[in-house]
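The values are calculated or read from the model by the stated rules, or taken from the named source; none is laboratory data. Predicted model, so just to flag it, every value in this text is computed and none were measured. Glycine also receives a Cβ, built like all others from the backbone with ideal geometry; neighbour counts cover every protein chain displayed. For accessibility, only protein heavy atoms count, side chains too; no ligands or nucleic acids. Shrake-Rupley method; radii C 1.70, N 1.55, O 1.52, S 1.80 Å.
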Amino acid sequence: MKKFIASLLIAMLVASAAFAANFQPTMLKLGYEETIKYNFDGSNIDIPFTVSGQPAGVLFALFTKDKAEDIALTTNGYLDWHTVNGVDTCLYYSDLKTVQVGSSYITWDGKDQDGGVVEAGTYTYYLWAFDNQGTKQPMGLSLHSGWGFDMTTNVQEIDEEGLPIENPIWFRNMNRWEVGSDPEDATQLITTTITLAEGWGIEGDTVLQADDFNYQYNRVNNKDAKQGSVQKIKFVAGGDAEIVEDWGEEAPYGYIFSTAGGGSAGMATDGEYLFTNDENHTASNDPDSDFYIYDMDGYLVDEIDISIWWSSADDFSKDAQMNGGPNNFECRNGKVVLNCHCNCLNQMYDPARYIESGEVNDLLVWTNDNGDYTLDHNWEATADKKWVCNDYNVGPYKYCVSADGNLFTAVCSYDVGTTSFGLFAPDGTGLGFYTYAGDTAGQKKGEIFIDSGTAFDGLYTDDEHTGGHHTNSCADNRVKGIFFLGHDTVKGVITNEVAVEDAAPAAFAVDQNSPNPFNPTTTINFSLAQAGDVSIDVFNVAGQKVDSLADGFMAAGSHSVVWDASNFSAGVYFYTVKSGSMSKTIKMTLIK
């Protein structure tokens, strides 16, 4: 890590001479088969997997494979609830199966969601899991006011060199917290202060500069002037933040745009561009919703009118709202997921694709609207405004959105019984509602995935349901803080094709270690196309070499080595196999 991590650690050491009981979660990990052979004849097949660390609820989903370029902008489903554009699509998904630690399986009958037999071929399958049985594990102190976890909380998982951070940085506006710190030690909270020009305030999520965490970008609003923009500051731990005065075309802000109030989703970034919006869910009678792309120097790249999705004259004519946000979003793998607490709409954008083409439809990856019952509004037979989407007077209320490493998207929700969150597949297919053990019908304000290959990967949430439903909420009863629950998602292939094994390897190849996760030993298999010197090294998530498994001459052909990790702590590691100019690095997980 570079400059900011060093200053962060120094500030922590000054604040507290010693750690108490640091946060060390018990992770949930799935073991799975990378390739499953199947005849696609409509017969039952068991999809095997193992669960380690925590018990889980697991679902299975089948997708097309490598067909994204062939899937043009398409809208279908009841009430046209689903739009997809340039993304592989879901053919089938199972119910959630509750399982214990150990070996298990989900049975698939070879049919799609409509009951038709899936054609023979090669498909992607996913297993998605979360701990639906255990108790939430406290990660950190309350970093928020009574309003909650939502809209203003973010996490930095990748360091300034582009590698997973061993201890991700949790942050909210002017506060930062190193994941893994003692949850009860308030001195581990790193803060700075800022004084903005009169009338201006920070709204929503902030983001860090990808190559230098000393700097962050804030979404700022002037509610009196009804203006919004972005601002760059230098974070000064324990002191006054410095506004970068020469940043943007209208310094000390970037391009200033008009707003109508109602708050903001804040900022998101893919490291190359900054994204924000005007968030006009309380706006006027006119259609009004815009998505802004800035470059990292504060100059506006484009202002995109997204009212075609977020505004509805039809809803307005039915005494609901014209505009519906968005006011929550997050960026993962270059994609932006968006929603608003005030309506039924959930979406995913691909800003890079839009920047390349300039076509607004290319911005959209998927939309999930009213019609599939996942996070829908006014679907009940008794609804006054049947199937009206832009209605913030009814639930479910959605105060967050977050995607994991495979782009499954979780949305915290309440006012739908005791459910905790709704879930979308990587193409926006609604997978239904799910509940954490012990959750009530009370408020839910946050869900964030950490899913970058660290010892802290999991699903992070609040515990605000303890305060009761929003109609009779008691802030004094809420259990404040941020909590961990196990989560994992894996991706494999189901195919009827039979691989032809050559007598001698035609290329350098390294397999995933097996078993994985493991305790305490695992085997690494690899093949060499030609003889030569080979090295096999193991690294921790900080990039430090912790073990060497081989270093010498090997003949062409197949080989294997065993790593005995008895003397190493549980967590994520990486192994690198090198031979001549060829090299491959793969992640593995040690559990204990």
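Values computed for the structure shown
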| quantity | calculated |
| --- | --- |
| From Leu79, Leu141, residue being in contact (Cβ under 8 Å) with a residue 24 or more places away in the chain and either within 26 Å of Gly42 (Cα to Cα) or open to solvent by less than 60 Å² (accessible area, probe 1.4 Å) (or both) | Leu141 |
| Of residues in the range 549-585 being closer than 22 Å to Glu161 by Cβ and open to solvent by 20 Å² or more (accessible area, probe 1.4 Å), the one farthest from the chain's Cα centre (by Cα) | Lys578 |
| Every residue from the range 74-94 that is in contact with a Gly (Cβ under 8 Å, 6 or more places away or on another chain) and outside any loop (DSSP other than H, G, I, E, B) | Tyr78, Leu79, Asp80, His82, Thr83, Val84 |
| Only one of Ala570, Ala529 that is modelled with pLDDT under 90, hydrophobic (A, V, I, L, M, F, W, C) and over 26 Å from Asp159 (Cβ atoms) | Ala529 |
| Where Ala383 falls short, out of the listed (1) aliphatic (A, V, I, L, M); (2) open to solvent by 20 Å² or more (accessible area, probe 1.4 Å); (3) not in a loop (DSSP other than H, G, I, E, B) | (3) |
| Failed criterion for Ala542 (all others in (1) assigned to a strand (DSSP E or B); (2) under 33 Å from the mean Cα position of the chain (by Cα) hold) | (1) |
| Enumeration of residues in the range 472-526 that are touching a strand residue (DSSP E or B) at 6+ places or on another chain (Cβ under 7 Å), charged (D, E, K, R) and at pLDDT below 90 | Glu497 |
| Count of residues meeting criterion [of a type outside the set (A, V, I, L, M, F, W, C) and open to solvent by 40 Å² or more (accessible area, probe 1.4 Å)] in the range 228-261 | 10 |
| Condition check for Leu73: surrounded by fewer than 15 Cβ atoms within 10 Å (Cβ to Cβ), at positive phi and of a type outside the set (S, T, N, Q) | no |
| Matching option when the condition is without any contact (Cβ under 8 Å) to a residue 60 or more places away in the chain and closer than 26 Å to Asp451 by Cβ, among Lys65, Lys97 | Lys97 |
| Where a residue in the range 347-363 is open to solvent by less than 20 Å² (accessible area, probe 1.4 Å) and its partner, wherever it lies, is outside any strand (DSSP E or B) and small (Gly, Ala, Ser), with Cβ under 8 Å and at least six apart | Gln347/Gly428; Met348/Gly428; Pro351/Gly334 |
| Hits in the range 105-135 - residues which are assigned to a strand (DSSP E or B) and buried (at least 18 other Cβ atoms within 10 Å of the Cβ) | Ile106, Trp108, Tyr123, Thr124, Tyr125, Tyr126, Leu127, Trp128, Ala129, Phe130 |
| Unmet criterion (only one of (1) polar (S, T, N, Q); (2) open to solvent by 10 Å² or more (accessible area, probe 1.4 Å); (3) out of contact with any Asp or Glu (no Cβ under 7 Å at 6 or more places or on another chain)) for Thr409 | (2) |
| Thr522 β-branched (Val, Ile, Thr), over 30 Å from Glu178 (Cα atoms) and buried (at least 17 other Cβ atoms within 10 Å of the Cβ) | yes |
| Single residue of Asp88, Asp66 found to be open to solvent by less than 50 Å² (accessible area, probe 1.4 Å) and of a type in the set (D, E, K, R) | Asp88 |
| Any chance Phe421 is open to solvent by less than 10 Å² (accessible area, probe 1.4 Å) and of a type in the set (Phe, Trp, Tyr) | yes |
| Criterion violated by Gln512 - all others in (1) surrounded by 13 or more Cβ atoms within 10 Å (Cβ to Cβ); (2) not in a loop (DSSP other than H, G, I, E, B) satisfied | (2) |
| Residue list for the range 190-217, restricted to those being of a type in the set (A, V, I, L, M, F, W, C) and over 29 Å from Cys340 (Cα atoms) | Ile190 |
| Candidate set from the range 29-58 (those that are part of a loop (DSSP other than H, G, I, E, B) and not polar (S, T, N, Q)); member that is farthest from Tyr436 (Cα to Cα) | Asp41 |
| Members of the range 424-445 that are within 29 Å of Asp88 (Cβ to Cβ) and of a type in the set (Gly, Ala, Ser) | Ala425, Gly428, Gly430, Gly432 |
| Only one of Asp427, Asp451 that is open to solvent by 10 Å² or more (accessible area, probe 1.4 Å) and of a type in the set (Asp, Glu) | Asp451 |
